[in-house]
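Below is one structure, written out as structure tokens; the observations come after it.
The values are calculated or read from the model by the stated rules, or taken from the named source; none is laboratory data. Bear in mind that the values here come from a model prediction, so they are computed numbers and not experimental data. So basically every Cβ, Gly included, is an ideal-geometry build from the backbone, and we count neighbours across all protein chains shown. SASA here: full protein model, heavy atoms, side chains in, ligands and nucleic acids out. Shrake-Rupley method; radii C 1.70, N 1.55, O 1.52, S 1.80 Å.
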Amino acid sequence: LVSAMNRVQLLGRVGQDPIMRQVEGKNPVTIFSLATNEMWRTGDSEVGQGALLLLCALGDVSQKTTWHRISVFRPGLRDVTYQYVRKGSRIFVEGKIDYGEYTDKNNVRRQATTIIA
């Protein structure tokens, strides 16, 4: 019996080559950005990307790009991601959403949303 679920699936393009970071005393993490797009015909409700060709024939198409921060901690997946994923690659990511806080270099508290792959 599942009482709660935190799961996300994203299909998009990688915005930058992955980087690997290691904080002292912790395991390394591979981090990259992923862009997803939503498209719709102006004046209509949103539709999926699969209908893009039909939309182009029907009128003006609007698009919204959303950027996601992806973190990969699992050792095998982390290393393969760092080695083979490149800027512009189209990839599918499955994971969970993590909401956190950090303090930036100006000592300002910020919120961060990350997908843990």
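Okay, here's what the table says:
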item	result
Any hit, region 49-68, residues being in a loop (DSSP other than H, G, I, E, B), at pLDDT below 95 and open to solvent by less than 90 Å² (accessible area, probe 1.4 Å)	yes
Region 77-108, subset at pLDDT below 95 and not in a loop (DSSP other than H, G, I, E, B), residue least open to solvent (accessible area, probe 1.4 Å)	Gly100
Region 6-38: number of residues that are free of Cβ contacts under 8 Å to residues at least 40 places away in the same chain and open to solvent by less than 30 Å² (accessible area, probe 1.4 Å)	3
